[in-house]
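Visitor: First the structure, then my questions, so here it is.
The values are calculated or read from the model by the stated rules, or taken from the named source; none is laboratory data. No experiment lies behind these values; they were computed from the predicted model shown. Using ideal geometry, Cβ is built from the backbone for each residue, glycine included, and neighbour counts are taken over all protein chains shown. With ligands, DNA and RNA removed, areas are computed over all heavy atoms of the protein, side chains included. Shrake-Rupley method; radii C 1.70, N 1.55, O 1.52, S 1.80 Å.
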Number of protein chains: 2
Amino acid sequence: MRKGCPYGTHRVIEPRGLLPQPAWKLDNSMNIYDNEVLIDVEVLNIDSASFTQIEEEAGGDEKKIAAIMTGIVKERGKHHNPVTGSGGMLIGRAKEIGPAWRGKSPLEAGQRLATLVSLSLTPLRIDKIKKIHKDIDQVEIEGQAILFESGIFAVLPEDLPQTLSLAVLDVAGAAAQTAKLVRPGDRVVIIGAGGKSGLLCLFEARKRAGVTGQVIGIAPRETSKNRAESTGYCDVVLMADAADALGIMNQVKAATGGAMADVTINCVNIPNTELSSILATRDGGLVYFFSMATSFTAAALGAEGVGKDVTMIVGNGYTRDHAAISLNIMRESPVLRKIFEELYS
Amino acid sequence: MRKGCPYGTHRVIEPRGLLPQPAWKLDNSMNIYDNEVLIDVEVLNIDSASFTQIEEEAGGDEKKIAAIMTGIVKERGKHHNPVTGSGGMLIGRAKEIGPAWRGKSPLEAGQRLATLVSLSLTPLRIDKIKKIHKDIDQVEIEGQAILFESGIFAVLPEDLPQTLSLAVLDVAGAAAQTAKLVRPGDRVVIIGAGGKSGLLCLFEARKRAGVTGQVIGIAPRETSKNRAESTGYCDVVLMADAADALGIMNQVKAATGGAMADVTINCVNIPNTELSSILATRDGGLVYFFSMATSFTAAALGAEGVGKDVTMIVGNGYTRDHAAISLNIMRESPVLRKIFEELYS
């Protein structure tokens, strides 16, 4: 059996020397290398930007949507939308597991899984498009895909509805990172506390900071403030515009008796919130940017401009066991499960 | 005496509620608040992008350059170029130190200092432009400026030439962060090892990792490779394109016997080097991005795409005592002092 590279470079057809994500075309033949997993695909969960573009190009016609999707995969060996550059994820069942993979992971053939790496780097073959769910950007297909040795995934739990699991997995990184960062007694500020990732972070922050810690939520509106409060995990929820650096600094100052946050977690997807996060945090504290709207230079120059010695961390969507940590919140927290079932499934 | 905000918001004239850097206009009256320092300015070191723009607008004419500069300061109360958005730094002597500042810092009236916060947030008055040095973007003036309580600065040492001090202060953050991150026995990879900040990082990495650690430099060309090697601080210097992720991964793998780096420090100012840094680092390791060309999303999604659990830190230009740590390298390392004197002063 052929030996593969952990990152899947053995599947790159052109240009050679690139990784699978930036490459134009991948080898999507379904004879696996020794470190790959073959998946029988059930559902493609197309990235929202990508699906919208395809739907518009097709004028909403489902046959044309299907033709565009199969065209992309035929040309590139992966569902990597050439217009938007984005992918999505997939759900399927493990069919065959390479011998070099076994022992490294408890995955077994037959288990249902969701891939947590982008479709933009996943070798895929579509045999048939069965049904298009335009309202949720999902497409049921018959086909197969390849997961590389470095490819992260989650076995879908039997005790949770699939839509609930997917909603949680979508933001699994933030909660798991919070679990690893927050220490007993920490003062934690969570900006965007009423949103999907913010809610999961509240749970982990409370659990890890404990009774001697302080958990402060920040939300922009009454509805999200009420939602964060209803969890019972916050000492206080402040209402503030996440971009209002001085307003947030002053509110956090008041709420912490001047001590400021040991850890600030930014979970909002709007720009210009770097300085709010920095000013909410004490000197020597830690800022975790999970927001994809974060500007690297705004964070770096912002901290320098106010002379603040904080450690600023780039939110890594992956951390070890992030899926297990996040999915388990739905079992540990009935209140969050209820909120998630109402909002996201 | 009037009490000031640590971040200088008391000086913002318009729009109110903003911090001094994004604000359009500052109050540049030179009666200090209780937590400010008044500086007699000697030299403005204009940001390169800003000076080039002004020089072009003036057609190279020195009188017109002077008129544009005084015009900016008259209109905005700070030398914040409205076209480029950038500032620069200044050198001067502390003239008056507010009572609320004293005790927090050993700065004394009469000492020469360089401000390390941007001119784009520094209240400034220009009385006279004395001399324009077009080759080095510096302008000698008579005038005064205000340093806020949060404003970082460095007292210029008496035993080092001023140009040498400025060259070191320009990249003070990287070396000081390296000093704080690297532990004895660490394997450290420094990308851009032959450049200004890279060279300082090599020194600190070697000093902190010690004889049981491993310091691996990466440089793009023979000249920079030779320069890094000539320091004697590297176990090996690899020649590689910083954007070639797979090439760097394989070279670092070979150099570390498969262990990969515990700490990777990225000091290159070219784009698309995030994945090289991530793949050079072991799972559970740390990547420090000092490059201002770093893309937040490329780092976050890049690590997720290859399933790498690394902690990625946004290079904060400021960390406590960064100026003292970096300037002292010029005293500790004769070899780096020689290189810096030849290249940068």
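Visitor: Within the bounds of segment A:181-198, is there any residue that is polar (S, T, N, Q) and modelled with pLDDT of 95 or more?
Guide: no
Visitor: List the number of the failed condition for B:PHE51; all other conditions in (1) open to solvent by less than 10 Å² (accessible area, probe 1.4 Å); (2) at pLDDT 95 or above; (3) of a type in the set (Phe, Trp, Tyr) hold.
Guide: Condition (2) is where B:PHE51 drops out.
Visitor: Suppose we keep only residues that are crowded, with 24+ Cβ neighbours inside 10 Å and among the hydroxyl-bearing types (Ser, Thr, Tyr) within segment A:232-269. Which one would you say is nearest to B:PRO15 (Cα to Cα)?
Guide: In this case the residue turns out to be A:THR264.
Visitor: Does A:SER276 satisfy being open to solvent by less than 30 Å² (accessible area, probe 1.4 Å), more than 7 Å from chain B (Cβ to nearest Cβ), in a loop (DSSP other than H, G, I, E, B) and not β-branched (Val, Ile, Thr)?
Guide: So A:SER276 fails the test.
Visitor: Could you grab me the full set of residues in segment B:90-111 that are part of a strand (DSSP E or B), more than 20 Å from B:ASN31 (Cα to Cα) and among the basic types (Lys, Arg)?
Guide: None - no residue of segment B:90-111 is part of a strand (DSSP E or B), more than 20 Å from B:ASN31 (Cα to Cα) and among the basic types (Lys, Arg), so the list stays empty.
Visitor: Now, a different point. How many residues, within segment B:303-345, are polar (S, T, N, Q) and open to solvent by 10 Å² or more (accessible area, probe 1.4 Å)?
Guide: 3
Visitor: Note down all Cβ pairs under 7 Å where the first residue falls in segment A:222-241 and is at positive phi, the second is open to solvent by 20 Å² or more (accessible area, probe 1.4 Å), and they're at least six residues apart or on different chains.
Guide: Going by the 7 Å Cβ cut-off, the qualifying pairs are A:GLY232/A:VAL335.
Visitor: Let me ask another. Where residues in segment A:17-41 are modelled with pLDDT of 95 or more and touching an Asp or Glu at 6+ places or on another chain (Cβ under 8 Å), which of them is nearest to A:ASP135 (Cα to Cα)?
Guide: Result: A:VAL41.
Visitor: For the condition among the β-branched types (Val, Ile, Thr), within 14 Å of another protein chain (Cβ to nearest Cβ) and touching a Pro at 6+ places or on another chain (Cβ under 9 Å), what is the one hit in B:VAL37, B:VAL12?
Guide: After ruling out the rest, the residue left standing is B:VAL12.
Visitor: Restricting to segment A:290-307, name every residue that is closer than 25 Å to A:ALA255 by Cβ, facing another protein chain (nearest Cβ under 7 Å) and not in a helix (DSSP H, G or I).
Guide: A:THR294, A:VAL306, A:GLY307
Visitor: With the checklist (1) at pLDDT 95 or above; (2) open to solvent by less than 10 Å² (accessible area, probe 1.4 Å); (3) within 30 Å of A:GLY4 (Cα to Cα) in hand, flag the one item A:GLU142 doesn't pass.
Guide: (2)
Visitor: Scanning for something free of Cβ contacts under 8 Å to residues at least 40 places away in the same chain, open to solvent by 60 Å² or more (accessible area, probe 1.4 Å), over 18 Å from B:GLU341 (Cα atoms) and part of a loop (DSSP other than H, G, I, E, B), does segment B:189-212 turn up at least one residue?
Guide: Yes, because at least one residue in segment B:189-212 is free of Cβ contacts under 8 Å to residues at least 40 places away in the same chain, open to solvent by 60 Å² or more (accessible area, probe 1.4 Å), over 18 Å from B:GLU341 (Cα atoms) and part of a loop (DSSP other than H, G, I, E, B).
Visitor: Taking only pairs six or more apart or across chains, which ones have beta-carbon atoms under 9 Å, a first residue in segment A:321-345 that is of a type in the set (Phe, Trp, Tyr), and a second residue that is open to solvent by 60 Å² or more (accessible area, probe 1.4 Å) and not in a helix (DSSP H, G or I)?
Guide: A:TYR344/A:ASP170
Visitor: Hey, another quick one. Go through (1) assigned to a strand (DSSP E or B); (2) more than 16 Å from the chain's Cα centre (by Cα) and name the single condition B:ALA154 misses.
Guide: (2)
Visitor: Residues in segment B:11-22 that are touching a residue at least 12 places away in the same chain (Cβ under 8 Å) and buried (at least 16 other Cβ atoms within 10 Å of the Cβ): how many?
Guide: Matching residues across segment B:11-22 total 5.
Visitor: Just give me the residues in segment B:22-66 being in contact with a helix residue (DSSP H, G or I) (Cβ under 8 Å, 6 or more places away or on another chain) and within 18 Å of B:ALA114 (Cα to Cα), in sequence order.
Guide: Across segment B:22-66, the qualifying residues are B:LEU44, B:ASN45, B:ILE46, B:ASP47.
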